[in-house]
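The structure appears right after this line, and notes come after that.
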Amino acid sequence: MEVAEKYGDQVNIVGVPGLAGLGDINEFVDDTGTDLIEHIPDESGDLWRRFGVIEQRTYVLVNDDGTTRTTGYGSLEQDVQALIAN
């Protein structure tokens with residue numbers, strides 16, 4: 001994942017697959033080559049609900065002060081750059 005390679009020393013990038021078990025997560029990581037980022041199982045969907053995620057390819061950006069911004073359209077890299085700049 002290019003964003004993790006480029007910005008991993010400045011931000012923490014974590015994958016939270018909703019309603020997926022460990023086997024599904026491991027298969028996804030193998031298939032997508034996203035082993036550079038940490039993946040947290042969310043089998044109950046609690047984390048998704050907490051951050052208002054309703055579909056895949058949603059990014060929740062959490063700033064140092066705890067404020068969040070949810071996005072999923074456009075460029076993750078641009079969103080990460082904006083987060084770092086603030």
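A short reminder: the numbers here are calculations on the coordinates, not readings from a lab. Everything numeric in this text was worked out from a predicted model, so none of it was measured.
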> What number, rounded to the nearest 500 deg cm²/dmol, is the helix-based mean residue ellipticity at 222 nm of the chain, given -39500 (n - 2.57) per DSSP H run of at least four residues and division by all its residues?
Replying inline: -10000 deg cm²/dmol
> Where does helix 22-32 land angle-wise versus the long Cα axis of the chain, in degrees 0 to 90, nearest 10?
Replying inline: 60
>> Please list, in order along the range 33-49, the HN-Hα scalar couplings obtained from phi with the Karplus expression 6.51 cos²θ - 1.76 cosθ + 1.60 (θ = phi - 60°), rounded to whole Hz, x for Gly and Pro.
In response: x, 9, 6, 6, 10, 6, 10, 10, x, 9, 4, 7, x, 4, 5, 4, 4
> Ordered by residue, what ³J(HN,Hα) values in Hz, to whole numbers, does the range 8-16 give under the Karplus form 6.51 cos²θ - 1.76 cosθ + 1.60, where θ = phi - 60° and Gly and Pro are x?
Replying inline: x, 7, 10, 9, 9, 10, 10, x, 10
> How long is the gain from R57 to D9 if the chain were fully straight, where each residue apart is worth 0.36 nm and the alpha carbon distance is subtracted?
Replying inline: 15.0 nm
> Under the Karplus relation 6.51 cos²θ - 1.76 cosθ + 1.60, θ = phi - 60°, what is the ordered set of whole-Hz ³J(HN,Hα) values for the range 73-85, x standing for Gly and Pro?
Replying inline: 10, x, 9, 4, 4, 5, 5, 5, 4, 5, 4, 5, 5
